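Note sheet for the following structure.
Quick note: the coordinates plus some simple rules give every number you see, no bench work behind them. None of the values given here were measured: they were computed from a predicted structure. Reconstructed Cβ throughout: ideal geometry from the backbone, glycine too, with neighbour counts over all protein chains shown.
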Amino acid sequence: MRIWGQRYNRDLQRYNLALRMIAHEARTHTICAWTGLRDERIRKLYQSYFIESGRRRTARSRGPSPQRLGFFLGSARNRSEAAAFVGLCYLLDVLPSQALKNARRELPNLLRGERLCQTYEMYRALVPESPMTLEHAVLLIVTVAQGHEFQVGHCAGCGGVMVVYRHTLARWSCTHCAERGVHADDPEAPLSAVTTGAHSAPGQQQLF
């Protein structure tokens, strides 16, 4: 009976997470990866819960998930939002402290999926006009966890979290500090940011 109860609770968790991700318009293959459910089960779940029950119909995106990393660094707003979201992901244990060899395969699991949704919902409550979808959020954290293209560090001016291309040679200054002209050699820059810079542990400095 105990084993049966554990399996029931586990399945219930999977279904609840799937419904949560469907509500955020995640694609079927994304939901499969994070819940462990098969695609036909997810389609039936959507059919019965959102259509047959008469609840608000949620859009279902088709085709491949977003793959363009330039979305996160293409504007000052997107750079700030990416940094803020990654900071929250570290604080809420969505992202591991160490890079993963195969983040696309190792990162998704049921518990982390619940934390991801919680973080995304919290972020959207703080920044309701954000263009970042849950699919974009998945691409961002997988890329950061892999550590090949994106690197997380801290602004040399204010110590805020930054997301940058790993092999960039530019000085790490966030948009706000760059606009004010504050850099690591500026006397107004915080000493902790100048001395620790990108070597501080992710998520321990301010998010903005």
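Which whole number in µm²/s is D for the range 2-52 by Stokes-Einstein, with the Kirkwood Rh taken over Cα pairs at 4 °C and 1.567 mPa s?
Value of D from the Cα-based Kirkwood radius: 116 µm²/s.
Quick one: order Cys177, Cys32 by neighbouring beta-carbon count within 10 Å, fewest to most.
Cys32, Cys177
Kindly state, to the nearest 0.05, the FRET efficiency for Arg43 paired with Ala76, given R0 = 45 Å and r defined as their beta-carbon distance.
0.70
Counting other C-beta atoms within 10 Å, which of His136, His176, His154 has the fewest, and how do the rest follow?
His176, His136, His154
By counting other Cβ atoms within 10 Å of each Cβ, how are Phe150, Phe71 ranked from fewest to most?
Phe71, Phe150
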